[in-house]
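A short reminder: the numbers here are calculations on the coordinates, not readings from a lab. Nothing here was measured: the structure is a model prediction, and the numbers come from that model. Ideal geometry is used to build each Cβ from the backbone, glycine not excepted, and the neighbour counts take in all protein chains shown.
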C-alpha cells in the first residue's frame, strides 16, 4: 500500500488514514479484499492513498467488514459521524469534476434512501388505514344488526310485559280488597272481644249474686209493684231462676260470638290461600299459552266446571305439577 503524499489536502489525508486503520483490522491483502468488494487492486490503492475519494458505499462496506473482523464490535456513533464528516469535507474541498459528481451522487443516494423509507412507511400507513376503515364498516353493520335484534326483542318482551303488568294490576287490586276485608274483620274481632270481656264480667257478677242468693246472705230488693210477701221462698226461687237464665243467655251469646269470629278468620285464611294458588295457576297458564291472565282464568274455571272439581283443587294440582297444562284446553278450544 503506497504512502500518503504530503501534498494531499487535510480532509483527504485524514479520510485516507481512517480508512487504512479500518482496513488494517481485516488482516488481508489488497488483492483479496478487491475480490471481496469486486474492485481491482489499483482502485483500492488510490482509495487508501487519498488519490481518489471512494463513494460512501465503499466506506460503509469497509466498516461492516471491520466490525466482522473485530468479532462483532461495531464502531461507535462518534467514529461513524467523524468518517461521514471527513468524507463530506474531502468531496467538498476537492476541485475535480469527479468529486462534485460523487458528492451529488451521495446526496442522491441519501435522498433515494429517504424516499424509499417514506414509501415503505406510506404503504404501511395506507394498509393500516384500510384495515381501520374496514373494521369501522364491520362495526357499523354489527351495530345495525344489534339494533334490529334489540327492536325484535323489545317487541316480543313488550307484549309479555303488558300481560304481566295486567296480571300484577289484578293481583294488586285483589290484595287491596283482601286488605280491606282483613281490616273489617279485625275491627269486628275487636268488637267481639270487647263483648266477650263484658259478658265474662257480667257472668262473674251473676255468679257472685247466685252464690249469695243461694246461701241467703244477701237481701234481694223488692220491686214496688210486688206484694209484701216478695221475700218468700217462692219469690226467691223465681229470682234465682231469672239470674240463671240471664247467665245462660250471656254464655250462649259469648259462645256464638267466639264461634262466629273463628269461622270468619278461618274463611279469610282459606280465601287468601285459595286466591294465591288460583293466581299462581293463572300466571302459569298465561305464560304457557302466551295469553292474558283473564283468558287463562276463564279456561281454568271452564275446565273445573266441566270436570266438577273445585277451582282451588285444579289450581293446586297445576301449581304442584300434578296436572300438566296441556291437559287444559286453551282459550277458544273446546274440550275433547
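Tabulated results
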read-out: Exposure proxy ranking, count of Cβ atoms within 10 Å, fewest first, for 263, 53; value: 263, 53
read-out: 0 to 90° range, to nearest 10: angle between helix 97-215 axis and the chain longest Cα axis; value: 10 degrees
read-out: Degrees, to the nearest 10: 311-320 long Cα axis against longest axis of the chain; value: 30 degrees
read-out: Nitroxide proxy distance, nm - points 7 Å out along Cα→Cβ at residue 170 and residue 132; value: 5.9 nm
read-out: Per residue, the convex hull volume that the Cα atoms of the chain enclose (Å³); value: 463 Å³
read-out: Rounded to 10°, Cα long-axis angle of helix 233-289 versus longest principal axis of the chain; value: 30 degrees
read-out: Quarter of the Cα convex hull surface for the stretch 10-95, i.e. its orientation-mean projected area (nm²); value: 5.2 nm²
read-out: Simple label model, 7 Å out from Cα along Cβ direction - residue 197 to residue 151, nm; value: 7.0 nm
read-out: Separation of the residue 287 and residue 125 label points, Cα + 7 Å toward Cβ, nm; value: 6.0 nm
read-out: Sum of -39500 (n - 2.57) over DSSP H runs of 4+, divided by residues of the chain (222 nm, nearest 500); value: -28000 deg cm²/dmol
